[in-house]
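Report on one structure; see the data block that follows.
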């Protein structure tokens, strides 16, 4: 079993719950910027999460030249879903490239000019925890806008009953 692929599957399942929640929001609320969140909106946080995956896993680890996505280029939750489908493919490409090489380092030149050498495991962990951090913010924004959120913690495994 590839534990990282399985782990990302849990992330995707949890994200699906969040998307269904976002689809209950009006299009205006999905893009509404809240001063209490530094001017962020649900849409801008989704885009920020995608750009983290693209930047760390795509550009830095896989050596791609992926441009940043802007919030204004995404008009709906459905469009965001499509962007995340592309992101899922990128994550799986990363997982395939670094399969059995979790401790392999990737040299990253920072904007400050410094050099960082994170492992593939660090990059994967960073992007996933980053998404969950912002998932919490998205839920909080939704609450502030009057939407009652579902349980969005990591989806629990299905219960199986054993017949006796």
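Here are a few things to note about the model shown:
- Gaussian network model of the chain, Cα within-10 Å springs - most flexible of 153, 100, 29: 100
- Shape class for segment 70-164: oblate, because the ratio a/c of the largest to smallest gyration tensor axis (alpha-carbon atoms, square roots of eigenvalues) is 1.5 or more and b/c is at least a/b.
- Residue among 91, 50, 106 with the largest mean-square fluctuation in a Gaussian network model of the chain, springs linking Cα atoms under 10 Å: 106
- Exposure proxy ranking, count of Cβ atoms within 10 Å, fewest first, for 152, 24, 129: 129, 24, 152
- Our note on the geometry: Cα centres of segment 1-30 and segment 68-115, 16 Å apart.
- Global form of the chain, assessed from the alpha-carbon gyration tensor, a/c cut-off 1.5: oblate
- Relative contact order [Cα under 8 Å, 6+ residues apart], segment 3-144, whole percent: 26 percent
- The chain: most fluctuating residue of 119, 109, 70 per GNM, C-alpha cutoff 10 Å: 109
Each value in this text was obtained by applying a stated rule to the coordinates, not by laboratory testing. In this text, all values refer to a predicted model and were calculated from it rather than measured experimentally. Positions of Cβ are backbone-derived with ideal geometry, glycine not excepted, and every protein chain shown enters the neighbour counts.
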